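Let me begin by presenting the structure, written as structure tokens, before commenting on it.
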Amino acid sequence: MYRGMLISFTETNIENEEELKSWFVNEHIDERAINTDGFFRARLYECIDEGPKFFATYETNNFDTLASEDYMKKVSNQTDWSKEIIPKLTMLERLTGKITIDNLRGYGGKAITFRLLPFSNSTSRDKLRKIFTSELSKLTSLDYVNGACLIENDSKISTSTGEKAQKIGGKPNLDIKDEWMIIIEGQDESRLKELINTIYNKNIVSQYVENKISVNSYQLIYGNNR
């Protein structure tokens, strides 16, 4: 049974950024991590390079939680503050994924996100997953790495939850495919970013990848867990 992770990338106009951060820190992270059945941890990061401004993760005990009736009901009945915030977002991208490689532990002050779109055939994806399983397992032995994982997005679920945000005035990106994302957590963003290039080039994984979407660096703002 795979654990699940909901991921969001968000931006808003600069005059609304402090309100957006306040919403994450004072309501949304806790509301998901503590008060939503099946969820147990959530974190908010702020970009320290040219990527999307805010990156948030919400972890679940199993992947099925992200498509459950209880969670869909909650997404359909947003809080008053959420109804104010979501229409102000100038960017909203959501991934609802299985954590197929799970070497996460504790909290890392910095995080690197690597988004990629593998070729869709299952044989190619199986080979790529084996490469990442081997390479990510090696990273946790490094002193400056706290953890790493691979998330595989289910576009049907992410589109479904995105459409619910759309109903309250949000403008979610509903064109995200079944992409993958690697997260590496640790203390030194420049050294962590170098690891992505090592993983990507070392085993010539480009032969299994249709599109390398982005690599970005983030710093932790706030996190909570049960």
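Per residue, the average separation of C-alpha pairs within less than 8 Å and at least 6 apart gives the chain a relative contact order of 31 percent.
Value of Rg to Rh for the chain, rounded to two decimals, is 0.94; Kirkwood radius and Rg both from alpha-carbon coordinates.
Report the residues of the range 151-185 in range of a label on S122: point 7 Å along Cα→C-beta, backbone N strictly under 18 Å from it. Inside the label zone: 152-156, 178-179. Classification of the range 84-130 by its C-alpha gyration tensor yields an oblate form. The axis ratio a/c (a ≥ b ≥ c) is 1.5 or more, and b/c is at least a/b. Compute the long axis of helix 155-166 from its Cα atoms, compare it with the longest principal axis of the Cα atoms of the chain, and write down the angle in degrees, 0 to 90, nearest 10. With rounding to tens, the tilt is 30 degrees. Here the Karplus curve 6.51 cos²θ - 1.76 cosθ + 1.60, taken at θ = phi - 60°, turns the phi angles of the range 73-79 into couplings of 5, 5, 5, 7, 10, 5, 5 Hz, with x standing for Gly and Pro.
Estimated from helical segments only, the mean residue ellipticity of the chain at 222 nm is -9000 deg cm²/dmol, where each DSSP H run of four or more residues counts as -39500 (n - 2.57).
Assuming a ≥ b ≥ c are the square roots of the Cα gyration tensor eigenvalues, decide whether the range 173-226 counts as rounded (a/c under 1.5), prolate (otherwise, with a/b larger than b/c) or oblate. Judged from the Cα gyration tensor, the range 173-226 comes out oblate (a/c at least 1.5, b/c at or above a/b).
With all protein chains kept in place, the per residue accessible area of the chain amounts to 45 square angstrom at a probe of 1.4 angstrom.
Less than 5 angstrom separates the built amide H of N146 from those of E185, G186, Q187, all sequence-distant by 5 or more or on a different chain.
Reported to the nearest whole Å, the Cα centre-to-centre distance from the range 20-88 to the range 103-145 is 23. Computed from the C-alpha gyration tensor, the three semi-axes of the ellipsoid equivalent to the range 32-105 are 21, 20, 11 Å, from longest to shortest. Shown in residue order for the range 221-226 are the 3J(HN,Hα) couplings computed by the Karplus curve 6.51 cos²θ - 1.76 cosθ + 1.60 at θ = phi - 60°: 9, 7, x, 8, 8, 5 Hz (x for Gly and Pro). For the range 125-226, what does the alpha-carbon gyration tensor say about shape, rounded, prolate or oblate, given a ≥ b ≥ c as the root eigenvalues, a/c under 1.5 as rounded, and a/b over b/c as prolate? Verdict is oblate for the range 125-226.
Remark on the range 1-58: Rg and Dmax equal 12.4, 43 Å (Cα only). Of the solvent-accessible surface of the chain, computed with a 1.4 Å probe and all protein chains present, 44% belongs to carbon and sulfur. Pairwise inverse Cα distances across the range 53-146, averaged and inverted, put the Kirkwood hydrodynamic radius at 16.7 Å. Listed values for the range 83-94 are Karplus-derived 3J(HN,Hα) couplings in whole Hz (6.51 cos²θ - 1.76 cosθ + 1.60, θ = phi - 60°), namely 5, 7, 6, 4, x, 8, 6, 8, 8, 8, 10, 10, and x replaces Gly and Pro. Only lysine pairs 8 or more places apart or on separate chains count here, and in the range 90-181 those with Cα atoms under 29 Å apart total 27.
The values are calculated or read from the model by the stated rules, or taken from the named source; none is laboratory data. Note that the structure is a prediction, hence the values are computed from the model and not measured. All Cβ positions, glycine included, derive from the backbone under ideal geometry; neighbour counts span all protein chains shown. Note: areas computed on protein heavy atoms with side chains; ligands, DNA, RNA excluded. Shrake-Rupley method; radii C 1.70, N 1.55, O 1.52, S 1.80 Å.
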